[in-house]
Structures are given as C-alpha cells and as structure tokens.
Amino acid sequence: AQSVTQLDSHVSVSEGTPVLLRCNYSSSYSPSLFWYVQHPNKGLQLLLKYTSAATLVKGINGFEAEFKKSETSFHLTKPSAHMSDAAEYFCVVSDTTGSLDDKIIFGKGTRLHILP
Amino acid sequence: DAGVIQSPRHEVTEMGQEVTLRCKPISGHDYLFWYRQTMMQGLELLVYFNNKAVMDDSGMPKDRFSAKMPNASFSTLKIQPSEPRDSAVYFCASSKRLAGFSDTQYFGPGTRLTVL
C-alpha cells in the first residue's frame, strides 16, 4: 500500500536562507515521486519529479529533491528562499506498474512562509 | 495553450440542489482527472478517464456523484443532491499519458463549491 507523509504542516524561513521541506513515502512497487506547488487560489504546478532515473532531481525555480530509497525520503530543498516561494507544497507518490491497480497519493501539504 | 479550463470558478448552492462542474483539458491530453481538496482530507482523486473512458472511479461517492466525458475536450462532474460535506475545491487535471501515473499532470484553477 502507498502512503506519503509530509513531516511539517508549516515551515517558516527568512528570505535568502535555505529551504527544506520533508517528505517520507512508502510504496509496494517502484514509485514515481513528485513535488507540486500551489499558490493561493491557483491550481497545482509541477516543481519536479523522480521516475527511476537520477536520484538527484532538479526542478523549476531553483528547487531540487533527492530520492533516498534507504530512508524512503524525497525531501525538497532550495539554497536561498525568495518571497515568491511562499505557497503550499505537496509531495506525491504513485506506483508505476502501469496496471489498473496503480494509485496516486498526495501528501497533506506543507505551507511555506517566507519572512522578510 | 490556455491550459486546463474549469468553470465555474465559484459556486454557492443550497443543500439538495444539483451542481455541475465543467472541465476542458489541454488539447492532445488523453487522461483527465477530477480531484477534491478539503482541509481535513487534503487532495483526493475522485475519478479519472483515459480517452473518454472511466478508468477508476473508486474514490467517488457513487450515490450522488457522477462523472462523464462525452468528448475529448469536455468533462463534467455532477453532484445530485448536494450536501454541505461536499463543500470543497474541485480540481480537474490532464496529462498526455499515464504510465502508472508517472506523467506530469496539469491542473486547472479549481472550482470552489460551497453547499449551504
């Protein structure tokens, strides 16, 4: 069975400091993992995705995430936060067997606050 | 491309009324997804289509919800009768191909439904 846990519901960082949003997952198969961002009153937008290629994945707006199978983690990082990064971030896990049993599970979300 | 289009953006209705939400996916995308987002449950997949056919509707309450995709460029999600617990933001998303949900999904701006 799949599950995804975002370890922090809220994270606050100062502008210009590093960002770390934590995500742990469980999956019975070879998972695909995603981070999506949702700005207020907007739909979700893909930041980056891991689909069994390189374990360090680079996304848009300077974000990156590292797939660590031994730790079942897929944490999202950014070296220097910008005010425009304030949003809600969702970690997503899906199975990649290509069967009708495949599921997609969204984490509860982490709201990122950027302090001036 | 205009992206995924949803209408209406906001809907306020009274309990017991019928509600119809509409979605136009990105042209050329074979897959269409309907999600519901609430504070308590987060994002939940209700139903998804492949080439207009329902692939999985296990996340959708069958007694009051129905989803259709009469052609490749239009889908509806209908709630009849509506209940206050249906109040949520409903997102439509589309993707080119599925491959176990490993493809990027493009989300619409959502419809905020309030049932009084």
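For the reader, a short list of remarks on this structure follows.
- Count of lysine pairs in chain A with Cα separation under 23 Å (8 or more residues apart, or interchain): 20
- Within the shell of other residues whose beta carbon sits under 9 angstrom from the beta carbon of residue A:6, the net charge comes to +1, with Lys and Arg scored +1 and Asp and Glu -1.
- Label point 7 Å beyond Cα of residue B:51 along Cβ direction - residues of region B:1-29 with amide nitrogen under 19 Å: B:25-29
- Pairwise centroid distance, computed over Cα atoms, of region A:1-74 with region B:43-95, Å: 26
- Average partner coverage of A:28-38, which counts Cβ from other chains inside 10 Å: 2
- The charge dipole of chain B, taken about its Cα centre with unit charges on the Cβ atoms of Lys, Arg (+1), Asp and Glu (-1) only, comes to about 200 debye.
- Dipole in debye (nearest 20) - chain A, about Cα centre, beta carbon charges: Lys, Arg +1; Asp, Glu -1: 40
- 18 Å cut-off, amide nitrogen to a point 7 angstrom out along residue A:12 Cα→Cβ, residues in region A:52-92: A:81-89
- Each Lys or Arg adds one and each Asp or Glu takes one away; over the other residues whose Cβ falls under 10 Å from the Cβ of residue A:78, this sums to -2.
- Peptide B:101-114 shows a mean partner chain C-beta count of 5 within 10 Å per residue C-beta.
- Within region A:22-49: backbone nitrogen closer than 18 Å to the residue A:77 label point (7 Å, Cα to C-beta): A:22-25, A:34-35, A:48-49
- GluC sites (Glu not before Pro) within region B:1-91, DSSP loop, no more than 16 other Cβ atoms inside 10 Å: B:14, B:18
- Cα pair distances in chain B, grouped into 10 Å bins until the bin that holds the longest one, percent each: 15, 50, 30, 5
- Expressed as a whole percent, the proportion of Cα-Cα pairs in the protein assembly as shown lying more than 21 Å apart is 56%.
- Relative contact order %, chain B, counting alpha carbon pairs below 8 Å whose residues are six or more apart: 37
- 10 Å Cβ neighbours from other chains, averaged over peptide B:37-47: 3
- Derived from the Cα gyration tensor, the three semi-axes of the equivalent ellipsoid of chain A are 25, 14, 12 Å, largest first.
None of the figures in this text is laboratory data; all of them are computed from the coordinates on show. Here the structure is a predicted model, which means the values were calculated and not measured. No Cβ is skipped: glycine too gets one built from the backbone with ideal geometry, and neighbour counts run over all protein chains shown.
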